[in-house]
Amino acid sequence: MSKSQSNILELAKQGNPKAIATIINRQLEPKGIIAQVDLKNECLHIVIESVELPEKVTIVKYFRRSFITLNAASIKTIQIYAKQTVKPFCSWDDSFNLVESASPETLQISKNIYTKEQQENNRDLQIKFDEVKNEFANHLFKTVLISMGFSIIAVEVSSTKSKGNGFSELAGKSNTMISLINPSNAYINGAEALVFAVGVTIITSIAQGIIDRFTSANDFYQEGKNFMKNKLYSEALSSFAKAIAKNKGYTDAFYQRGYIFFLTGNYTKAYEEFNQVISIVPGHIEAYKKRALVRYALQDYDGAISDNTFVINQKSDDYESYFYRAITYFTTGAYTESLDDFTRAIELNCQNYLIYLMRANMYLSINNNPDKAIQDFNIV
């Protein structure tokens, strides 16, 4: 470690926000993520911004491990805000308390955290092992079926030969197929090679169909979640479709499809999927919350307000719905209602400084009340 790096680390251990931001950005910038850091009243506020945000559980685990290791005495709480570059508001936020001292109780907490993370890592390894095991089993199963198919194809080829030169026109088109499919030239006729190739395709298709037939809806769903984790959205959509084909009422699969469409900007499709979830489970809170965001993106502001209001009526302490409804009210020019919702969101979550910033902006630009704006800016 160079002297400058050592100095930055020492400053970070003292709770210096600039030094902490430098260390974080060195690790996150290569992944396309930019972090801003501020320290207020022993609470470290971290805003991460990216075109595509990492999963919440991944980033929270990263920061928890990093700051427990850093062990900065001046930092007691971590507050994380995640924002997509193309959106005007946070996608999610989270907070957690850090270990305060190296007491035996604290060491036990650290051990528990490590044990929990180790268990999660073991589960990940088990999932990967199961995937490899299943892939090997599937491959072996296909191989057996294809071998059986070759026997069937050989009979068909012999039957074709006994009928004369019925495939003579196809032979010229299939010569190159012999070397690709059957290098040993066990089949010397182009037509035979064509039958061979078609047979392989059919048997492989049948094998995949049989495998899909014995795969449960939940297995397809978990496969889709794994694809989502790696941002393989097309593959994830295919797996969720198979899960739904197995279980027409699989609300989680419909929900995840809607979320993928939302992330990829296909708001019309996302709207349809969240509608499907709500038709199956009329009180599905998360579907209403996501549909509210979709309606906002589609400029259906009345619909967005309606969905957020439904969530608030069902769950009065959901500050996110107050926050999103406040933004929608602001967009439509309903400034009094917007200000009320920003204030209620702050009452429910006073650590989300982005709400303070937006309310301060309203005080300054709409209400012409610079004193209250300054109070909010000071809190931030």
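All of the numbers you see were taken from the coordinates with simple rules; none came from a lab. None of these values were measured; they are calculated from a predicted model. Because the Cβ atoms are built from the backbone with ideal geometry, glycine has one as well, and the counts that use them run over all protein chains shown.
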Requested in this report: Eight or more residues apart or on different chains, and alpha-carbon atoms under 24 Å: count the Lys pairs in region 221-311 matching that.
Outcome: 25
Query - Ranked by how many other beta carbons lie within 10 Å on average, peptides 235-244, 319-328 from highest - result: 319-328, 235-244
Query raised in the report: If you find the alpha carbon centre of region 344-364 and of region 1-60, how far apart are they in angstrom?
Result: 23 Å
Report summary line: Fraction of alpha-carbon pairs in region 225-379 farther than 21 Å apart, rounded to whole percent, equals 52 percent
Report task. Just list whichever of Lys40/Lys76; Lys18/Lys56; Lys31/Lys61; Lys56/Lys83 have alpha carbons separated by over 18 Å in the model shown. Result -> Lys18/Lys56
Query - Residues with amide H under 5 Å from that of Asn352, placed H, sequence gap 5 or more - result: none
Report task. Would you calculate the separation in nanometres between label points at Glu10 and Ser74, each defined as 7 Å from the Cα along the Cα-to-beta-carbon direction? Result -> 1.5 nm
